[in-house]
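The values are calculated or read from the model by the stated rules, or taken from the named source; none is laboratory data. Note that this is a predicted model, so its numbers are computed, not measured. Here the Cβ positions follow ideal geometry from the backbone for every residue, glycine too, while neighbour counts run over all protein chains shown. In case anyone asks, the SASA skips ligands and DNA or RNA and just uses the protein heavy atoms, side chains included. Shrake-Rupley method; radii C 1.70, N 1.55, O 1.52, S 1.80 Å.
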Amino acid sequence: ELTPEGLGPWSYSKLDVLVKCPLQFYLKYILKAKVPDAPIVAVTEVGKAAHRILELGANGKSLTDAFSTAKREYGDRISEEDWASQVLSLEFNIGEFLDKLSNIDREHGIKRCFSEIKIGVTQGWDSTGFFAKDVFFRGVIDLVLQLRNNDVLYFDFKTGAPAIMGVKNFKT
């Protein structure tokens, strides 16, 4: 008999597979069929590079330095053409986001900034390690800002989807 505990740790990605394609979920998580990994596509690497630029910028690097660092880290996986058309094209939006973070800092004071936080919880919703044996659900939070008054802002960056899709596709 299958139980939620018998399926291993849950994540948003795993739930998404179950909702979008129960057959893929069955093959991957129930039968544990070994399927060759899909080739890494440019959009995946572009998203990772954009996340890295946002992370560096949120942690105080200039926009120029953040782009340069990401280019060194991801340049071997993203063609020059894709870098120019898909990463550099994000410069305005990323700059605007970082300006908004600066405004938040001026108005409310950013006490601490955390990026790429890996969290895990047990079935009883107690905190545990991301890879702990008792982890029931795990995920990564892209950016967390703790304000001077101890309020916390959470950000989940979305860089791979066309703007026309809107936020409704990310409601879950």
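Quick grid of which residues meet (1) within 20 Å of the chain's Cα centre (by Cα); (2) at pLDDT 90 or above; (3) on the phi < 0 side of the Ramachandran plot:
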residue	(1), (2), (3)
Cys21	no, no, yes
Val35	no, no, yes
Leu56	yes, yes, yes
Lys61	yes, yes, yes
Ala70	yes, yes, yes
Asp76	no, yes, yes
Glu80	no, yes, yes
Trp83	yes, yes, yes
Gly95	yes, yes, yes
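Could you say whether any residue in the stretch 7-22 is assigned to a helix (DSSP H, G or I) and within 30 Å of Leu147 (Cα to Cα)?
Yes, the conditions are met somewhere in the stretch 7-22.
Return yes when Val140 is of a type outside the set (D, E, K, R), within 29 Å of Leu15 (Cα to Cα) and buried (at least 17 other Cβ atoms within 10 Å of the Cβ) and no when it is not.
Spelling it out, it is not the case that Val140 is of a type outside the set (D, E, K, R), within 29 Å of Leu15 (Cα to Cα) and buried (at least 17 other Cβ atoms within 10 Å of the Cβ).
Does the stretch 104-125 contain any residue that is in a helix (DSSP H, G or I), within 15 Å of Tyr154 (Cα to Cα) and of a type in the set (A, V, I, L, M)?
Yes, there is a match, as at least one residue in the stretch 104-125 is in a helix (DSSP H, G or I), within 15 Å of Tyr154 (Cα to Cα) and of a type in the set (A, V, I, L, M).
Which members of the stretch 143-164 meet the condition of being over 30 Å from Gly8 (Cβ atoms), at pLDDT below 65, under 18 Å from the mean Cα position of the chain (by Cα) and among the hydrophobic types (A, V, I, L, M, F, W, C)?
Ala163
Can you find a residue that is surrounded by 18 or more Cβ atoms within 10 Å (Cβ to Cβ) and among the small types (Gly, Ala, Ser) anywhere in the stretch 19-37?
So far as the stretch 19-37 goes, no, none of its residues is surrounded by 18 or more Cβ atoms within 10 Å (Cβ to Cβ) and among the small types (Gly, Ala, Ser).
Take Gly47 and tell me if it is surrounded by 14 or more Cβ atoms within 10 Å (Cβ to Cβ) and at pLDDT 90 or above.
no
Note down all Cβ pairs under 7 Å where the first residue falls in the stretch 141-152 and is at negative phi, the second is of a type in the set (Phe, Trp, Tyr) and part of a strand (DSSP E or B), and they're at least six residues apart or on different chains.
Once the first residue is at negative phi and sits in the stretch 141-152, its partners that are of a type in the set (Phe, Trp, Tyr) and part of a strand (DSSP E or B) give Ile141/Tyr154; Asp142/Phe155; Leu143/Phe155; Val144/Phe114; Val144/Tyr154.
Can you name the residue in the stretch 105-137 that is of a type in the set (Phe, Trp, Tyr), at negative phi and without any contact (Cβ under 8 Å) to a residue 24 or more places away in the chain and, of all such residues, is least open to solvent (accessible area, probe 1.4 Å)?
Phe130
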